[in-house]
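Below is one structure, written out as C-alpha cells; the observations come after it.
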Amino acid sequence: MSFVAIGLALLGAVFLAFGAQRQGTAVRAGTGGRSLDSAGFRKLLTNARWLVGLALLGVGTVLNVMALNLASLTVIQPVGAIALVITTVVNSRDQGIRLNRLTVGAITACVSGSALFVLLAVRVTRENHLIDPRQELSVVLLLTAAVVLFGSLALIGRRRLNAFAYILGAGVLFGFVAVLTKIVVGHLLDPNGRFLLNVPVPTLLALAAAAALGAWFVQSAYATGPPDLVIAGLTVIDPIVGIAVGITILDELQPAVGTAIALTMGGAALIAIVGVVALSRHHPDIAGRTR
C-alpha cells in the first residue's frame with residue numbers, strides 16, 4: 001500500500017510543480033518584486049495564470065491527501081521533492097534563465113537527500129491509524145503557537161522579511177497542516193458515519209488558520225523569490241516538520257530502528273537542507289536581484 005501512496009504523491013508533485021510555477025510568475029508580474037499586500041492579492045484573484053496555478057495546486061493537494069490516507073507521514077512528506085526538479089526546468093525555460101552549476105548542485109542535493117530519506121522511511125515506519133485524543137491535542141497546541149508566532153512576524157516585520165523567511169514560515173505551517181489533514185481524514189473515515197461531527201472544533205480551526213497563513217506566506221515568497229526556491233523550501237522544511245511530529249507525537253517510528261539507519265536518515269535530511277540553503281544563495285534569479 002505504501003508504494004501506491006508514493007505513486008499518488010509523485011503524481012501530486014507534478015501538479016504542485018506546474019501550479020507553483022504558474023502562480024509564482026503571476027505574483028512576480030503583479031508585484032514587480034515588491035512585497036505582496038492586500039490590494040495586490042485582490043488583483044491576483046482575477047489573474048487567469050494565477051487561477052490556473054491555483055486549480056493545479058488544488059488537484060495536487062487532493063492527490064497528496066489521498067496518499068496520506070494510505071501511508072504514514074514519514075513516507076509521503078519527502079516525496080514532493082520531485083516537484084523541485086519539474087518546477088526548476090519549467091520555470092527556467094519559461095523565464096529564459098540559465099542555471100549555473102551551483103544551482104544544479106543544490107537541486108541535486110535537495111532531491112537526492114529527500115529520495116534517500118524516503119527509501120529508508122519506508123523500511124522503518126509503521127502505520128498508526130488509532131491516534132490518541134491527547135496526541136491530537138498536542139499537535140493542535142503546537143500549531144496554535146506556530147500560527148501566533150508567524151502571524152505576529154507577518155504583521156510586524158512584513159516589509160523586512162525575505163523569501164527564505166517566508167519559505168521557512170510556510171514550511172513549518174504546512175508541515176503541521178499535513179499532520180492535521182491526516183488526522184482529520186481518519187475522523188472522516190470513521191465507520192460510525194458521523195463524518196465532520198467526529199472532528200473536534202479546535203482541530204478544524206487550527207487547520208484552517210494554518211492553511212490560510214501558510215498560503216499567504218507562500219504567495220509572499222513568490223513575490224520576493226523564484227518559484228523553484230519556494231518549492232525547494234517547502235519540499236524540505238515541510239517534510240522535516242511533518243516527520244518530526246509523526247515520530248515524536250504520533251509514534252510512527254518502529255521501536256527497533258538501527259543506529260546506522262537513523263544516522264543515515266539524519267544525514268539525508270541534512271543534505272537536503274544544505275541544498276535549500278545553497279539554492280537560496282546561488283540561484284541565478286537571487287544573484288541577479290542581489291546585483
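Every number in this text was worked out from the coordinates using simple rules, so none of it is lab data. What you are looking at is a predicted structure, and each value in this text was computed from that prediction instead of being measured. For neighbour counting, all protein chains shown are included, and Cβ atoms are generated from backbone atoms with ideal geometry for every residue, glycine included.
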(message) How large is the convex hull of the C-alpha atoms of segment 216-261 per residue, in Å³?
(response) 89 Å³
(message) What does the charge count around Gly246 come to, taking other residues whose C-beta lies under 9 Å from its C-beta (Lys +1, Arg +1, Asp -1, Glu -1)?
(response) -1
(message) If I model a spin label as a point 7 Å beyond the Cα along the Cα-Cβ vector, how far apart are those points for Ala145 and Lys43 in nm?
(response) 4.0 nm
(message) Quick check: the angle from helix 163-188's long axis to the longest principal axis of the chain, C-alpha only, nearest 10 degrees?
(response) 30 degrees
(message) Test of understanding: what is the full-extension gain from Ala256 to Leu102, defined as 0.36 nm times their sequence separation minus their Cα-Cα distance?
(response) 51.6 nm
(message) Cut-off is 10 Å between beta-carbons; in what order do Asp228, Asp94 appear when sorted fewest neighbours first?
(response) Asp94, Asp228
(request) If a/c stays under 1.5 just call it rounded; otherwise compare a/b with b/c (prolate if a/b is bigger, oblate if not). Do that for segment 104-259, with a ≥ b ≥ c from the square roots of the Cα gyration tensor eigenvalues. (result) oblate
(request) Of the options Leu204, Gly19, Thr181, report the single residue whose Cα projects farthest towards the positive end of the charge dipole of segment 2-290 (beta-carbon charges: Lys, Arg +1; Asp, Glu -1). (result) Gly19
(message) Relative contact order for segment 2-290: what percent, with Cα pairs under 8 Å and sequence separation of 6 or more?
(response) 30 percent
(request) Quickly work out the Arg34-to-Val14 label distance, labels modelled 7 Å from Cα along the C-beta direction, and quote it in nm with one decimal. (result) 4.0 nm
(request) Label segment 26-126 by shape, choosing from rounded, prolate and oblate, from the square roots a ≥ b ≥ c of the eigenvalues of the Cα gyration tensor; if a/c is under 1.5 it is rounded, and otherwise prolate applies when a/b is larger than b/c, oblate when it is not. (result) oblate
(request) Per DSSP H run of n ≥ 4, the term is -39500 (n - 2.57); total these for the chain, divide by its residue number, and report the mean residue ellipticity at 222 nm rounded to 500 deg cm²/dmol. (result) -27000 deg cm²/dmol
(message) If Rh is defined by the Kirkwood formula over all Cα pairs and Rg also comes from Cα, what ratio Rg/Rh do you get for segment 2-290?
(response) 0.96
(message) Let's see if you can work this out: charge +1 on each Lys and Arg Cβ, -1 on each Asp and Glu Cβ, no other charges. What is the dipole magnitude of the chain about its Cα centre, in debye to the nearest 20?
(response) 1140 debye
(request) Quick one: grab the alpha carbon gyration tensor of segment 212-291, order the square roots of its eigenvalues as a ≥ b ≥ c, and give me rounded if a/c is under 1.5, else prolate or oblate depending on whether a/b is larger than b/c. (result) oblate
(request) Please work out the Cα center distance from segment 252-266 to segment 74-138, rounded to the nearest Å. (result) 19 Å
